[in-house]
Each structure stands twice: as C-alpha cells, then as structure tokens.
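Everything below concerns the one structure shown next.
The values are calculated or read from the model by the stated rules, or taken from the named source; none is laboratory data. Just so you know, these numbers come straight off a predicted model, no measurement behind them. With ideal geometry, Cβ positions are generated from the backbone for all residues, glycine too; neighbour counts draw on all protein chains shown.
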Amino acid sequence: MDERIANAMNASDWFGLDSIYESTPKDSINPFLEVFSRCLIGNRLNRPDVSIPAFEELFNNYNESLDLNNYLSSSVMWAMDLSRVGKNKEAASLMSQVIEQSLQYLDSVAVMTMRSYESKYRELSTYQPYAMSIDGDEGVIPFKLTQVGRTEKPGLAIELERCQVNGHDVKPTFDTGAGVNIVNDSIARLCGLIYQESDVNVMGVGRKSARLAIAKELVLGNVTLTDVPFYVVDMSTGNREADNYLSHLELIVGSELMLAIKDLTVDFIKRSISIPREAAVRSDKQSNMCFSSQMNLLVKGGVDGRPLLFNLDTGDASTGILMPSFYKRNKDYVLSHSVPDTIRQAGLGGWIKIEGFNL
C-alpha cells in the first residue's frame, strides 16, 4: 500500500492518491506517508482545512524525512493554503523561517523566489483580501463570449460585464487557467491600484516579472470584493501580429479569485456566473477537479473511452489540444483521420508555434 501511495505522489495523481488514502486503513500506512498524503490531497484538491493541520504535523514530527526539494515545496504549499484562508501573516512568517533554516543550501535564484513569497504574504497581511458582499439574493455576473484571434481560426474568451475597479468601468477576462489576477500597467494606474514593493514572476507562454498591486474595490455584476490582489505585468509578446489580438488579456481574473468566492456556476446558456450567498458544505463525494503544481485546473474526463485529465482553461481561446501522449497511443487513427496543421498561441510572456494535426 505504501508503494501505491508513493507511486501516486510521484505521478502527481491526486485523484488516485485521494482514492487510495480514503480506502486504506490509516494504521496500515507508513506514518510519514499518511501525513504527507493529507498535505498533498488538501492542497491539490482545495481542502485547506485538511492540509493546514497536516502540514503543521509534517513539519513538527517528520521534518527529517523531507529532502530539500520536498521541504521547500511543502513550505510553499503550506503558505499558499494559509493565505487562502486569510492567514497571510502566518504565511510570511513561515517563509521567513524556511529561508533562515535553508539559506546555506540555496542558490541565489531559489533565495530570490522564496523571498518574493515572503514579501507578497507580508504585504497582503496588511489587507483583508477578497472580503465579499452581494447586492441581492445571489451573486450574478453577466458575461459575453468575445471573438479572439484571426477570423479564419477564431477563438472565444469570456468577457465579464458590468464590472468596475475602484469605480472605473473595466472588461475583465474570466480565465480559469490563470493562477492569479493580472492587469497591465496602464489600467492599473488608471484605476488607482495600490502598488506594493513585491516583485514576482508569473508564467504563461513564457516568464515575466510583475509587481503586486491591490485594488481596493472590484465590482463584478452585483458582487463586490475588496482588497483584491493583482499582478501588474507587461502583456506584450514581442510579436506585432500577436499583440493586435491580445486586448482581452489587459485585465484577467483567475482561479485565485474563484477559490476566494468558493462556490460558483458558469452558465453558458444564460451567459452568467451565479454565486450563492452561502457556499455549499463540501460533500463526501470524490472530487473530479484538482489543481496541478502550476495551478492549472484539471478535470476528470475521457476521449473514446479512455480516461484523461483535461486542463479546463477558459482563457485559452484556441481549439482543444490533445498532448503528444495521446498521439503516441493513437498514432494510426490520428494519421488516417486528420490533416497536418499549426496553431500559433500568444499569451503572457511570448508566443509559440505548435506543429500538429487537425483532428
């Protein structure tokens, strides 16, 4: 059983890990793996009530069982979950302690990364991020689907309507593939965001440096959120044609905001996002969504009877993409039912050209 649990961890199979853990008597699991399972399940399946006490137990009782990489990644996940429940001061203190204890083993890049986490959480601790109020019986955020990219290969993005930042009308893109909220510098300054000292790196198509800033008020439909963190970043890709199509990336609300709201339904028929006044109590049913280490939203699904994990990314306006592993398993079928094609994708940090098949 310990081997199955370790294999699920090494394969980043969080659904499998959750299933194995729940179906196994806890006294038959190696004590370290039992605690570490709760840490990972809670973090990846958005259960901070499970992960936070588990991380505390892990660091207090099994610190010596963690190598440097697991020690650092576990501390980052623990701080992330503390921040999710509003404990940013504790998250900053944790990062400070980790840096102090591991400084002699880290290179300059790792130190800079850990210090950026510490700085971010310390600055957020002076605010109360994502305090939410709803004007009405339930929250309703209308949206429209806007065309993105070339007319011969059109894509769609979700543009939220009736939105304001600090009283200024804005048109945010709702992007479940964005781990954080993002805004360009001109809109941030126009809307009076409060710039912080933290410099952070954000990943999209490539890597970009950004500055943390706070919007004192974000209105989405009849939902108002206060002290909303944004990463201010240059959206240009270095490709003139691509930059002509990227106006929908000027202001993005991502999965961090989704997690703060806790309970939402995206209705493509009514073209609206609904939010109950009180989030539902989590059921005992097995999860069908989780987050990857890069905060990609992964959903259980299948193609032609084969189970697959889908990256549910509303900010990706292109057609769906099946990865090389699918092609390798189904090469004969793909070659006989498709034509060679290319996809050019542009986003945060650059653009790429993908060679493949239109299936």
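Scanning the range 135-158 for residues that are at pLDDT 95 or above and surrounded by 19 or more Cβ atoms within 10 Å (Cβ to Cβ) yields G139, V140, I141, F143. Might you check whether a residue that is in contact with a Lys or Arg (Cβ under 6 Å, 6 or more places away or on another chain) and either of a type in the set (S, T, N, Q) or at pLDDT 85 or above (or both) occurs anywhere in the range 276-286? Scanning the range 276-286 turns up at least one residue that is in contact with a Lys or Arg (Cβ under 6 Å, 6 or more places away or on another chain) and either of a type in the set (S, T, N, Q) or at pLDDT 85 or above (or both). When the range 109-128 is examined, which residues are found to be touching a helix residue (DSSP H, G or I) at 6+ places or on another chain (Cβ under 9 Å) and aliphatic (A, V, I, L, M)? Matches in the range 109-128: A110, V111, M114, L124. Is it the case that the range 204-212 has a residue that's modelled with pLDDT of 95 or more, among the polar types (S, T, N, Q) and part of a strand (DSSP E or B)? Within the range 204-212 (the criterion being modelled with pLDDT of 95 or more, among the polar types (S, T, N, Q) and part of a strand (DSSP E or B)), the answer is no, since none of the residues qualifies. Candidates in the range 184-206 are the residues that are within 16 Å of the chain's Cα centre (by Cα) and not small (G, A, S); of these, the one that is surrounded by the most Cβ atoms within 10 Å (Cβ to Cβ) is V200.
A quick yes/no check of all residues on (1) modelled with pLDDT of 85 or more; (2) of a type in the set (V, I, T); (3) more than 30 Å from L193 (Cβ to Cβ):
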| residue | (1), (2), (3) |
| --- | --- |
| G238 | no, no, no |
| A242 | no, no, no |
| S293 | no, no, no |
| R306 | no, no, yes |
| P324 | yes, no, yes |
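Go through the range 332-350 and report how many residues are under 15 Å from I321 (Cβ atoms) and at pLDDT below 90. Final tally of qualifying residues: 7.
Might you check whether a residue that is touching a helix residue (DSSP H, G or I) at 6+ places or on another chain (Cβ under 6 Å), farther than 30 Å from Q128 by Cβ and of a type outside the set (A, V, I, L, M) occurs anywhere in the range 67-80?
no
Apart from one condition, P229 fits all of (1) assigned to a strand (DSSP E or B); (2) buried (at least 21 other Cβ atoms within 10 Å of the Cβ); (3) free of Cβ contacts under 8 Å to residues at least 60 places away in the same chain; the exception is (3). Restricting attention to the range 129-172, the residues that are in contact with a helix residue (DSSP H, G or I) (Cβ under 6 Å, 6 or more places away or on another chain) and within 25 Å of E278 (Cα to Cα) add up to 1.
In the range 254-284, the residue that is nearest to N311 (Cα to Cα) out of those that are of a type in the set (A, V, I, L, M) and outside any helix (DSSP H, G or I) is V266. Against the numbered list (1) exposed (fewer than 11 other Cβ atoms within 10 Å of the Cβ); (2) under 23 Å from L160 (Cα atoms); (3) in contact with a helix residue (DSSP H, G or I) (Cβ under 9 Å, 6 or more places away or on another chain), A317 comes up short only at (1). Take the conditions (1) under 21 Å from the mean Cα position of the chain (by Cα); (2) surrounded by fewer than 17 Cβ atoms within 10 Å (Cβ to Cβ); (3) hydrophobic (A, V, I, L, M, F, W, C); L68 misses just one of them, which is (1). Remark: pairs (first residue in the range 285-308, without any contact (Cβ under 8 Å) to a residue 60 or more places away in the chain; second residue loosely packed, with under 12 Cβ neighbours inside 10 Å; Cβ separation under 7 Å; 6+ apart in sequence or on different chains) = V299/N288; L308/G302. Taking (1) touching a residue at least 12 places away in the same chain (Cβ under 8 Å); (2) under 29 Å from V219 (Cβ atoms); (3) of a type in the set (S, T, Y) in turn, T113 satisfies each apart from (2).
Listed by first and then second residue, the pairs with beta-carbon distance under 7 Å, at least 6 apart or on different chains, first residue in the range 136-149 and farther than 17 Å from D263 by Cβ, second among the polar types (S, T, N, Q), are P142/S272; F143/S272.
A search for C-beta distances below 6 Å between a residue of the range 54-71 that is more than 21 Å from N10 (Cβ to Cβ) and any residue that is at pLDDT 95 or above, counting only pairs 6+ apart in sequence or on different chains, returns E57/V35.
Among the conditions (1) of a type in the set (A, V, I, L, M, F, W, C); (2) at positive phi; (3) in a helix (DSSP H, G or I), M295 misses just one, which is (3).
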